[in-house]
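Heads up, the thing below is written out as structure tokens.
The values are calculated or read from the model by the stated rules, or taken from the named source; none is laboratory data. All of these numbers come straight from a predicted model, not from anything done at the bench. Glycine also receives a Cβ, built like all others from the backbone with ideal geometry; neighbour counts cover every protein chain displayed. Surface accessibility is based on the protein's heavy atoms, side chains included, excluding ligands, DNA and RNA. Shrake-Rupley method; radii C 1.70, N 1.55, O 1.52, S 1.80 Å.
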Amino acid sequence: MTAEAATGTRSDSPGGTPAGGRTRRGGRWIERWDPEDEGFWRETGERTARRNLALSVLCEHIGFSVWSLWSVMVLFMGPEYGIDPAGKFFLVAVPTLVGGVLRVPYTFAVAVFGGRNWTVVSALLLLLPVAAAAAVMHPGTSYGTFLLVATVAGVGGGNFASSMTNINAFFPLRKKGYALGLNAGGGNIGVPVIQLLGLLVIGTAGAGHPRIVLAVYVPLIVLAAVLAALFMDNLAPVTNDTGAALDAARQPHTWVMSLLYIGTFGSFIGYSFAFGLVLQGQFARTPLQAASLTFIGPLLGSLVRPVGGRLADRFGGARITLGNFAAMALATGVVIQASAVRSLPVFLCGFIALFVLSGLGNGSTYKMIPGIFQAQAVRRGLEGEAAAAHGRRLSGAAMGLIGAVGALGGLAINLAFRQSFLTTGSGTPAFVSFLAAYAVCGAVTWAVYLRPGARGRRAAGEGVAEPATDGPRGRVHAEV
């Protein structure tokens, strides 16, 4: 993506020509955008960015609720549905896979259609999985039909990528950690919200009325789409750059950050989808008992995501991420021990700690992405807006890839639980594998971004370091 000097001009007339030379026809288009210019940011940029952020959070929030819809629907599936725990784990895993894959095209849709326009379209698409679920949620429906309908819920997972790519373009680098954390955290809260709604319905109307949950979301989806259409903006300077996508895919840092995001966001979404089933399978909780607990972890993990971004803005994303993986390994050890002695209170403490830590890590890893690419630009001799534009160009493309790969970590977690319960009747073997994964992620964070051999200095006022080369291969290191 590119950005010209900002004037704050909006083109609402057909045939307006924005900076970048493309003709726009209708809609709320801002022709020039330069958030790194402090004068522009103070006078007009911040107000516009915050308005778009607020509406982005709303739409992404509903998207996450729909994406995690089947983690709630399985709690309504009693013995009369004829689906065993392994089948339910697979049912909640399918939307994770589809949502992860869709994140790649959703990332590029922002530049093709405009951030505001695509937000409207992607919000309205959420009506499809909700309506389909309402049609099939009754005993006697075949398992294959349930799988097909659960697959459609994956569209909710794609919303995250387009939303984050869009908001990344609105904010200056010094504000990205908090803005992206707030955007993602507000979206993530959609998981516990729909789980709380499921609890309310099971506790009042009973487990035989899942359609009440679905009926609540239809007007919410329509309202979100209308508000986005009325009050969000498209940024004309944001254009699809096939070269940027290819460049990002060729960057080793893109794949390193994908691995780290598997450890943080993959954990968050995987645990969110599986928590209720683990409680039912390992501790024999009823659907109501499970529903009364499942929302706590995702709620706390969502709320602390902006905190992770803010801590990364202040202390450096890599430092926060490394400490976070160490703490996640410790919490996983607590969960393993609690599973061995069958202590539900200790298990809940350890599991909820994992949610909180995954939320912190989500914020810190996403802060690292724009910092890494801007630091590379500084190393190459670029300065000021040129360095910022380079960072936005590559980080916007990389976010789609990183978000997609990270979401697939949720699929891995649910498949690991499925296999673990099939073979041992317990989730303990799965947790052991997660412990090993966190150790690997922590080691990679230290080796690539924090090891003593890295020679970095902070770029003035930006909270990122200028990377330096080390060794004959000229390997790049950065404190981000």
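The range 229-347: D in µm²/s via Stokes-Einstein (Kirkwood Rh, Cα pairs, 20 °C, 1.002 mPa s)?
Estimated via Stokes-Einstein, D reaches 121 µm²/s.
What is the P(r) of the range 297-438, as percent of Cα-Cα pairs per 5 Å bin from 0?
2, 10, 14, 18, 18, 12, 9, 7, 4, 3, 2, 0
Please give the calculated 222 nm ellipticity per residue for the chain, where each DSSP H segment of at least 4 residues contributes -39500 (n - 2.57) and the sum is spread over every residue; nearest 500 deg cm²/dmol?
Per the formula, -23500 deg cm²/dmol.
For the range 147-297, state the average projected area of the convex hull of the C-alpha atoms over all orientations, rounded to one decimal in nm².
Averaging across all directions leaves 12.0 nm² for the Cα convex hull.
For the chain, find the longest principal axis of its Cα atoms and tell me its angle to the long axis of helix 317-341, 0 to 90°, nearest 10.
Value to nearest ten degrees: 10.
If you take all C-alpha pairs in the chain, what percent of them are over 35 Å apart?
Considering the chain, 30 percent of its Cα-Cα pairs are separated by more than 35 Å.
What share of all Cα pairs of the range 40-140, in percent, falls into each consecutive 10 Å distance bin?
For the range 40-140, the binned pair fractions read 12, 36, 27, 16, 7, 2, 0 percent.
Rounded to the nearest 5, what % of DSSP beta bridges with both residues in the chain are antiparallel?
Antiparallel bridges make up about 80 percent of those DSSP assigns within the chain.
If you roll a 1.4 Å probe over the chain with all protein chains in place, what percent of the accessible area is carbon or sulfur?
On the chain, the fraction of accessible area on carbon and sulfur atoms equals 65 percent.
To the nearest 10 degrees, how steeply does helix 344-379 sit against the main Cα axis of the chain, on a 0 to 90 scale?
Around 20 degrees separate the two axes.
Which loop trypsin sites (Lys or Arg not before Pro) in the range 341-415, with loop taken from DSSP, have no more than 15 other Cβ atoms within 10 angstrom of their Cβ?
Loop-located and lightly packed - R342, R380.
Just the accessible area per residue of the range 192-244, please: how many Å² with a 1.4 Å probe?
40 Å²
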